[in-house]
Each structure stands twice: as structure tokens, then as C-alpha cells.
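The values are calculated or read from the model by the stated rules, or taken from the named source; none is laboratory data. Computed from a predicted model, the values in this text were never measured in an experiment. Ideal geometry is used to build each Cβ from the backbone, glycine not excepted, and the neighbour counts take in all protein chains shown. Just the protein is used for accessible areas: all its heavy atoms, side chains included, with ligands, DNA and RNA removed. Shrake-Rupley method; radii C 1.70, N 1.55, O 1.52, S 1.80 Å.
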Amino acid sequence: MTDTILKVSGVSKRFGGLQALSDVGIEIKRGQVYGLIGPNGAGKTTFFNVLTGLYTPDSGSFELAGQPYTPTAVHEVAKAGIARTFQNIRLFAEMTVLENVMVGRHVRTRSGIFGSILRTRSFKAEEKAIAERAMELLEYVGIAKYADYKARTLSYGDQRRLEIARALATDPKLIALDEPAAGMNATEKVQLRELIDRIRADGRTILLIEHDVKLVMGLCDRVTVLDYGKQLAEGTPAEVQKNPKVIEAYLGTGGH
Ligand SMILES: Nc1ncnc2c1ncn2[C@@H]1O[C@H](COP(=O)(O)OP(=O)(O)OP(=O)(O)O)[C@@H](O)[C@H]1O
């Protein structure tokens, strides 16, 4: 079994006249929390979108757990083993909390999402097990008591936990979190940090975009810093924090 969960090489993406990503490469080892940071507009979300099949890169190659991987449709990406959350939370607002997690689990079941909609016989047979697993995940992220509430009624922090539970339900090789702490208060951030630590301790591998530098530096094993689509630095949090180019990008004349 390879120790590298994700290897991305030479990814570039241009939007018209704007080079959003230039030759970006990262390697994430099993069990790591890997941070992607950089000023606004640096290309972090574009990288996530390329990785999860929302944008087609102009160049680049990908390996997931030692196998060549081509990011295509979002559903296929989840099947291949990458689950993600979104900067702007994307839940099924009118469905219950439990149902939102069950949808994630259907990626791994034979009857699939269409089976769940059509309520085929094989779906019904699987449904009980799926609901039990979904409930376990709600307990894991700490929101089991809201299982029957509509997703839209949860607090912001709890909606982010629900997105994480749904991502975990797909049993991912890599879980990609897009600004999970955005909009959270200090207490919620502490709880989020504990949750991410627990997910890592349970053997998962995590890629994280985050603006909260303190959170990134405390959580991540390694970090890549992007600026104007270029990789400014890569290394441990302590290494990148000392890098003059990184200091310049954050505090310098970049105006962002
Ligand atoms: N679909 C698109 N079409 C055109 N330009 C885009 C598109 N998506 C992103 N961009 C541009 O690419 C650049 C990188 O954007 P991106 O959202 O990846 O940055 P980011 O690092 O995630 O920023 P933020 O921290 O603000 O979310 C920006 O200049 C943005 O305007």
C-alpha cells in the first residue's frame, strides 16, 4: 500500500487572460492534514475545483492512493475517493440532518442515489444500515441530537459539521475541506480543531483551505502557500511562516 494518498503535478488553469494556477504540485501522505493557504484570489478554490472535477485543468496529472486519477464529474470523484465541503455550505436545506448524511452514504451503495429516489427494493434493504451508519457519523461530529431537524435550522457551525459528516459518509481516501472555519466563532473553531484532529487520528487524510492562519499553523503537517496562482512555498508550518516570500505576500505590497 502506498503511503502517498494524493499526488498532483504540474496543474495549470487559465481563465481568459488570468493565470489562476501555474504549475502547482502537492503530495499528501496518508494521515496528514495538508493546508492550502494564500491571500484572496490566490487560486485555492480553483485548485479544489480542478481536483474535484468542477473545472478541467489546462495541464496536470493526478494520482490517488497510487492509482492514476482523472477528476471528472463530482459524483465520480466521490466514488474515486475524494469528498469535499464547500466554502458556501451546500446542504439539502429542506431535508433532515440524517437524510443529508444518508445521501453521502449512497455513493458507496449498490442502489445509489437513483435507487434512493425511486425507492427500489434493494434500496429499502440497504436503507436501515445506511441510516445506522449516518447516525453514527452524526454522533461522531457531535450533532446526533438534531438528526430529525431540517438542515436549514442548524446553526452555521453545526451545518459545517453536517457537511463534514456527509463527506465522511462517502468513506473517502481524502477529505477536502474548503474554509471549514469561515463564519465560526472562537468556541466553534476550537471544536472544529478537535474534530479535525480526531478525523486525522482515525487514519483519514485531509486537505484544507483555510484563512485562519492560526488554525492552519496549529493543525497542518505541511502547507502550500499560493499567490497569484503560483506556489510560493511548501513545507511545515514553521518553515513557511519564516519564508520571506510568504511574509511579503501576506504583509507586503500585494494589496490583498
Ligand atoms: N470561473 C472563473 N472564471 C473566471 N475567473 C475565475 C473563475 N474562478 C476563479 N477565477 C479567478 O481566479 C483567481 C483565483 O480565484 P480563487 O477563487 O481560486 O482564489 P482563492 O485563493 O480561492 O480566493 P479566496 O480566498 O478569495 O476564496 C481569481 O482572480 C478569480 O477571480
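Computed from label points 7 Å out along Cα-Cβ, the spacing between K189 and L18 is 2.7 nm. For K145, the lysines whose Cα falls under 27 Å of its own Cα, not counting residues fewer than eight places away in the same chain, are K124, K128, K189.
Between beta-carbons, use under 14 Å as the cut-off and find the net charge around A249, counting Lys and Arg +1, Asp and Glu -1. Every neighbour counted, the sum reads +1. Rolling a 1.4 Å probe across all protein chains gives E126 an accessible area of roughly 40 Å². The slack between T70 and A201, meaning 0.36 nm per residue of separation minus the straight C-alpha distance, is 44.3 nm. Full extension of the chain between R90 and K124 gives 9.6 nm of extra length, using 0.36 nm per residue less the Cα-Cα distance.
Summarising the label geometry, the points placed 7 Å from Cα in the beta-carbon direction at N243 and T56 lie 3.1 nm from one another. Within the same chain, lysines fewer than 8 places from K13 are excluded, and of the rest, those with a Cα less than 27 Å from its Cα are K29, K44, K79, K173, K230, K245. Computed from point charges on the beta carbon alone (+1 for Lys and Arg, -1 for Asp and Glu), the dipole magnitude for the chain about its Cα centre is near 500 Debye. Ranking R193, R152 by solvent-accessible area of protein heavy atoms (1.4 Å probe, all protein chains present), from largest to smallest, gives R152, R193.
Taking the C-alpha atoms only, the angle from helix 156-169 to the longest principal axis of the chain is near 80 degrees.
Quick one: net charge of G41's neighbours, Cβ under 13 Å, K/R +1, D/E -1?
Numbers: positive: K44, K230; negative: D227.
For residues surrounding G41, the net value is +1.
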